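Each value in this text was obtained by applying a stated rule to the coordinates, not by laboratory testing. Quantities reported herein were computed from a predicted structural model and do not represent experimental measurements. FYI the Cβ positions are ideal-geometry reconstructions off the backbone, even for glycines, and counts take in every protein chain you see.
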Amino acid sequence: MTGPPALQSPIPPPGKPQRKWYRVDLHLHTPASHDYEEPGVSYLDWMRTVVKRGLEIVAITDHNTVAGVARIRQELEWLTRLERDGRMTDEERAQLNEWRELSSKVLVLPGFEFTATFGFHILGIFPPDTPLRQLEHVLLALKVPYEKLDAGSTETGSTTDVITAYRVIHEAGGIVIASHANSTHGVAMRNFPFGGQTKIAYTQDQFLDALEVTDLDKHRFSTARFFNGSKTEYPRRMHCIQGSDAHRLTGDPKNPKRLGIGERPTEMLLDLPTFEAIRILLRSNQFDRTRRALPPDKPFDALETAREEGPSIVLSFHETANQRGGKLMAILADVCAFANMAGGTIYVGANHRKDKVKGLEAPKEVEDALRMALAERLAPPLDVKFDVVQSQGAYVLRIRVPKGTDRPYCLDDNKFYVRDESETSLAVRDEIVALVREVLSEQSGRGKSAAAYDERSGGGERVGQNRDRPPRREARPTPTPQNGAGRPRDAQPAEALQLEGNAAVGDPATDDAFYLPQIGVEIVDAAERNGSHFYSIRDLRNGHVIHNVTRKGARKLWNYAIGQYEDKPLKPEKIQWRGNVGQVTVETRAGKTRYDLARREGERIRVFYGVTDEGMEGEWAAFVQDE
């Protein structure tokens, strides 16, 4: 049975498609959901509200049912038959005409919100002409009981696991979206009693098209920032969108969390308002073509959103591009660093700290100068995107840098740059070696995680190690406390340690991807040579170990870690322990809350310096402070 006119795509305008931003809400319930809060609402009332809210593309996603889709189709088919047979009343004719008028203004996609094993929610969204029997067949394949297909309940008994559900919906031709991934029943939910490998699998699966989140407006603390592709355990950058999850026409004034239709929409930059256009977008790497929708009287300002987020491992700002003072060189260094890491965006003409946007007087000239400099100085060549955005009446140049496929990149044949949080630095030898190892591993089909594993384990691969899974975190020799400030502490005797690459003594969770924090550094070795102190420092973000670091020449975070290590001897009795993990100190530095954390492994204590909120998963999440 083919969908009726109301569920078909609006007729596109003639001529060449014009790419534009469409207002989209892909998570809407109807009275077919058992927990709908306004059961007396008609489906025509529902459709009127969709159009009234200015939505252009929506999806019907009732709980484990397509009964809402069926009822709309049945109503339209009945009215259409009455018209064909000449048996319509004036009221019925008015209803059919209204359905047709509303249908010409919005694309309605059929779908459902599936409850997987352990209560995780997944959206499956399909083309508008998908037969009803095919949709029900998908639900049956997901083990929704036949007798509950019309119940619209979140509780369906034992169904299908998350990973299988992704695959089944994908193979049936649907778009797969993890519902409210960062909150209740969400696959990225913190403190859920599953191991790290499960969380990674649920949020990085190849058949998952997007994460629906509820915090796109939080910028610095958003789920989208967490899944930006910069973490070893989460190397796949995810499209993050938002939806209303509306169980009513208008929001509940007594409960701001109970939203109405279109009260938390997404905007998508599409050539045409079609299912296929959305599917292609969510399976692409064009992450700048989705954004949270704002009220019509407050248009979206890309620069302002970026400034609220602030500098990060994938975002930087430069007020000018003058060669004098090294401004041009700093921009080129950022391009090189982003290409070597996870990609990123650079804004030229704005400072994130100042209220007033300075802008550029001649952005095209700045673009031409940067293009020429990159062509002459960056090797190998890289396809960088330039465009101009406007904010506060000023023009700012935006540079979008992809993660390079031919890493490592360098400037002037010998300057290799990397990005460390919000800082761009010249790469040291060990970082260049690690970049080469990663690329070689990717070319051999092993991936970034495998390269990071090799780095952590000294280059050897454990027999039987699954190359497709994220690496285990293993122990390294860690220096022990020593009385007396200003001197490096001696490393533990080799006989007291496990061999490098093996699990630590007393480690109960060698398969836990979050056994260590994900961001920060750990000092893994200390030595004194010719009166100078040298350290080996592990970057917790990617597992790289950098040797021969001195306090004087260290980067900011490395310098901080060495300073804490030398000047403030660890006092185990002062650590706030929660089982075998603990908090040493917490403070705000450079606008971020930073934690020094510890893990107890038998008689040994490992310390991790400068960890941020987004690096604290698993047991570590217990120490995250409220915003």
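With 23 Å as the limit, write out which pairs from LYS231/LYS568; LYS20/LYS354; LYS298/LYS354 have Cα-Cα distances beyond it, or answer none. Working shown, then result.
Numbers: LYS231/LYS568 30 Å; LYS20/LYS354 31 Å; LYS298/LYS354 21 Å.
From the list (LYS231/LYS568; LYS20/LYS354; LYS298/LYS354), the Cα-Cα distance tops 23 Å for LYS231/LYS568; LYS20/LYS354.
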Which of the aspartates and glutamates could a cross-linker bridge to LYS552, judged by Cα under 12 Å and excluding same-chain residues fewer than eight apart?
none
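Let me check I've understood the local charge: for GLU319, count other residues with C-beta under 9 angstrom from its C-beta, Lys and Arg +1, Asp and Glu -1. What total comes out? Provide the component values of the computation, followed by the final result.
Values: positive: LYS327, LYS354, LYS358; negative: none.
Within the 9 Å Cβ shell, the charges total +3.
With the cut-off at 35 Å, report for region 18-296 the share of all Cα pairs above it, as a whole percent.
On the way: 5480 of 38781 pairs.
When every Cα pair of region 18-296 is considered, 14 percent fall beyond 35 Å.
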Which percent of Cα pairs goes in each bin when the distances of region 276-361 are cut into 5 angstrom slices starting at zero?
3, 12, 18, 19, 20, 14, 8, 4, 1, 0
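Could you work out the per residue convex hull volume over the alpha carbons of region 515-582, in cubic angstrom? Can you show the working numbers first?
Values: hull volume 7.1 nm³, N = 68.
In region 515-582, the Cα convex hull volume per residue is 104 Å³.
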How do the peptides 38-51, 109-122, 420-433 rank, highest first, by the average count of neighbouring beta carbon atoms within 10 Å per residue?
109-122, 420-433, 38-51
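Could you please report the charge total around PRO408, scoring K, R as +1 and D, E as -1 over all other residues with beta-carbon less than 10 angstrom from its beta-carbon? Walk me through the numbers before you get to the answer.
Numbers: positive: ARG407; negative: ASP406, GLU431, GLU438.
So the surrounding residues net to -2.
Out of every Cα-Cα pair in region 98-139, what percent are more than 18 Å apart? Before the final figure, lay out each step's value.
Numbers: 371 of 861 pairs.
The proportion of pairs with Cα distances above 18 Å equals 43 percent.
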Just tell me which lysines come within less than 16 Å, Cα to Cα, of LYS257; anything on the same chain fewer than 8 places away is out.
LYS218
Reachable lysines from LYS556, criterion Cα separation under 16 angstrom, eight or more residues apart if same chain
LYS592
Give me the Å³ per residue figure for the convex hull around the C-alpha atoms of region 304-407.
91
Round to a whole angstrom and tell me the spacing of the C-alpha centers of region 42-78 and region 282-346.
38
Rg and Dmax of region 101-171, Cα atoms, in Å?
13.0, 42
